[in-house]
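Input: a single structure, listed below in C-alpha cells.
The values are calculated or read from the model by the stated rules, or taken from the named source; none is laboratory data. It should be emphasised that the depicted structure is a prediction, and the values quoted were computed from it without experimental measurement. Cβ placement follows ideal geometry from the backbone for every residue including glycine, while neighbour counts extend to all protein chains displayed. Keep in mind that these areas ignore ligands, DNA and RNA; they rest on the heavy atoms of the full protein, side chains included. Shrake-Rupley method; radii C 1.70, N 1.55, O 1.52, S 1.80 Å.
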Amino acid sequence: MATLNISLPDSLKTFAQNQTETSDYSNPSDYVRSLIREDKEKKEAQQRVEALLLDGLESGEPIPVTPEYWKKKRARLQKEFKNINS
C-alpha cells in the first residue's frame, strides 16, 4: 500500500479524529479512504449515466414524450412487472 501525506487545518483534523471515534472507522486514514472511495464511485456512476444519456441521444429519431406516452409506458411496465412476479 502506498502512503499519501496530507496537511489539514486543525479543525478538519479534529473532525476526522471525531469521525473515527464515533463511527466504524479504525483510524483517520480509514475515514479518508472511505471518503475517497465514495467520491470515486460517485464519479464513476456519473460517467455511466452520461454514457447512457449519450447512447440515448444517438439511438435514433426522437419521439414526442407526452402525458399519454407516460401513461402507456407506465401501464406496459406494470404489466411486465406483474408477469415477472407471477
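Every residue, every condition in (1) in a helix (DSSP H, G or I); (2) charged (D, E, K, R); (3) in contact with a Ser or Thr (Cβ under 7 Å, 6 or more places away or on another chain); (4) in contact (Cβ under 8 Å) with a residue 12 or more places away in the chain, yes or no:
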{"position": "ASP39", "(1), (2), (3), (4)": "yes, yes, no, no"}
{"position": "GLU68", "(1), (2), (3), (4)": "yes, yes, no, no"}
{"position": "ALA75", "(1), (2), (3), (4)": "yes, no, no, no"}
{"position": "SER86", "(1), (2), (3), (4)": "no, no, no, no"}
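Scanning segment 1-13 for residues that are in a helix (DSSP H, G or I) and either small (Gly, Ala, Ser) or touching a strand residue (DSSP E or B) at 6+ places or on another chain (Cβ under 7 Å) (or both) yields one hit, SER11.
PRO64 meets each of the listed conditions (1) assigned to a helix (DSSP H, G or I); (2) loosely packed, with under 11 Cβ neighbours inside 10 Å apart from (1).
The number of residues in segment 36-58 being polar (S, T, N, Q) and open to solvent by 100 Å² or more (accessible area, probe 1.4 Å) comes to 1. Tallying residues that are open to solvent by 50 Å² or more (accessible area, probe 1.4 Å), part of a helix (DSSP H, G or I) and within 23 Å of ALA2 (Cα to Cα) within segment 14-31 yields 3.
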